[in-house]
1. Just to be sure before I move on: is residue 268 over 22 Å from the mean Cα position of the chain (by Cα) and at pLDDT 90 or above in the structure I sent?
2. Determine whether residue 326 is assigned by TED's automatic domain parsing to the domain that holds residue 247, over 23 Å from residue 95 (Cα atoms), surrounded by 20 or more Cβ atoms within 10 Å (Cβ to Cβ) and without any contact (Cβ under 8 Å) to a residue 60 or more places away in the chain.
3. Identify the residue in region 283-319 that is basic (Lys, Arg) and modelled with pLDDT under 85 and, among all such residues, is farthest from residue 357 (Cα to Cα).
4. Within region 113-121, does at least one residue satisfy the condition of being part of a loop (DSSP other than H, G, I, E, B), among the hydrophobic types (A, V, I, L, M, F, W, C), at pLDDT 75 or above and touching a strand residue (DSSP E or B) at 6+ places or on another chain (Cβ under 7 Å)?
5. Looking only at region 81-112, filter to residues that are outside any loop (DSSP other than H, G, I, E, B) and at pLDDT below 60; which one of those is nearest to residue 67 (Cα to Cα)?
6. Closer than 20 Å to residue 349 by Cα, modelled with pLDDT of 65 or more and part of a strand (DSSP E or B), is that true of residue 233?
7. Anything in region 325-354 that is assigned to a loop (DSSP other than H, G, I, E, B) and closer than 17 Å to residue 249 by Cβ? List them, or say none.
8. Out of everything in region 1-43 that is small (Gly, Ala, Ser) and within 22 Å of residue 159 (Cβ to Cβ), what residue ends up being modelled with the lowest pLDDT?
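The values are calculated or read from the model by the stated rules, or taken from the named source; none is laboratory data. Predicted model only: the values in this text are computed from it and were never measured. Ideal geometry is used to build each Cβ from the backbone, glycine not excepted, and the neighbour counts take in all protein chains shown.
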Amino acid sequence: MTTSSLEMDIQSLWTTVDSLVSNGDYLDRNFFVIVIFLNNQDPLEVKRTARLVYERYKDLCDEGIVQIIHFPNNTHPEIDHYPKISGHVLDLSLAKINLDRSFLYLYCSSISRYFIEIGIGETAMVHYGLRIKDFIDKTKKSFNQIQFAGGGSMGILFPSKDAKSVAKLLRTFFGELPTHKILQKYSKQRLLYDKKAIFLYKERVPNKSKEEIRHDVIKSVLADKSSNPVADIFTDMPTYEENFPHNAYDRDDFTYFWTSVIDIGSYFLVVFRDLQQISRVVVTTGNYINKDQLLSGTLRIGRMFSRITKDCDSIIQQWVFVDGMVDSNDNKNHTSFSGVKCLGIEVTSRQHDWLMIRDIFVIP
């Protein structure tokens, strides 16, 4: 098992590792190793975090069940010297994530038979190790990946012998594609765990109810009288009846986009005719009785749009849907974004419900 993050939040790390330790059977210790990858480049912060991890899980570290790894900055290629790759401006943040994961996958390739990465803040279900083992033992289909949870590359199990090949792909496309897209290219036989996800993200829930939060957000957005910027809409999800994609973008709370066909990787893209300066983005999904929400997905804004791959590239910022909604001003974060070309919604986990994208508000 691997825990990795873009920003090391120590409390979220405890949440994840504690659940892996406490929710696994004692016999699970014969089957897994927890690798904690520290990707912060501040050496003092890395040492501090490693010390805290060792103090908390000393016995497990001494047994080799918990391992702490870090790849120093000087092991990375000098990505600043690569202004363009395949005609695209290099996304330095994306490049670092892919290169970090390349090192991580190589490290884990010889530890055990299978590899699975989960993010900090996610919690493991009780008896998760036995659930995974039971599913693998009973499956009759060939596979090179199994999706046990939603969230990009998180929760995807694959044979460790394949980790070297995946790492090579990550190094090859390190500035062009996000990790989960590279995994999609590699996978030809991906299976879905047909029960509740084994690893779930534990969100810090405010005191207000979901309905109150949604009502307050929509009320504040509608108080802004501006219109959404002119844009083109793209999606690979079919429309149900006359609930067309542009309905989600028209600022009419009585219209929406509705589809019955959703899969991992399904997308909904808003491509602006001109580059935009954006102060806030709000996306709501589902109806008012909390049906047909996006159960697991991401919202991203980027500086480039590819009509060939239908990707919103050169990512500026990315958010995770919580309770079917994203508000970029959540937690009072009033950051403004410039040079925005596109806005993309991506489905990151399976869901049996239909999907209703009700509102997309883009505020200058």
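1. no
2. Answer is yes for this residue.
3. By that ranking, first place goes to 307.
4. yes
5. Taking region 81-112 as the starting set, the residues that turn out to be outside any loop (DSSP other than H, G, I, E, B) are 81, 84-85, 88-89, 92-108.
Add one more test, that the residue is at pLDDT below 60, and what stays is 81, 84-85, 88-89, 92.
On the way: 81: 33, 84: 36, 85: 35, 88: 37, 89: 36, 92: 28 Å.
If we take residues in region 81-112 being outside any loop (DSSP other than H, G, I, E, B) and at pLDDT below 60, then 92 is nearest to residue 67 (Cα to Cα).
6. Details: closer than 20 Å to residue 349 by Cα: no; modelled with pLDDT of 65 or more: yes; part of a strand (DSSP E or B): yes.
Considered against the rule, which asks whether it is closer than 20 Å to residue 349 by Cα, modelled with pLDDT of 65 or more and part of a strand (DSSP E or B), residue 233 comes out as no.
7. 328, the sole residue that qualifies.
8. We begin by selecting, within region 1-43, every residue small (Gly, Ala, Ser); these are 4-5, 12, 19, 22, 24.
Then keep just the ones that are within 22 Å of residue 159 (Cβ to Cβ); that gives 4, 24.
Numbers: 4: 44, 24: 73.
Looking at the filtered set, the residue picked out is 4.
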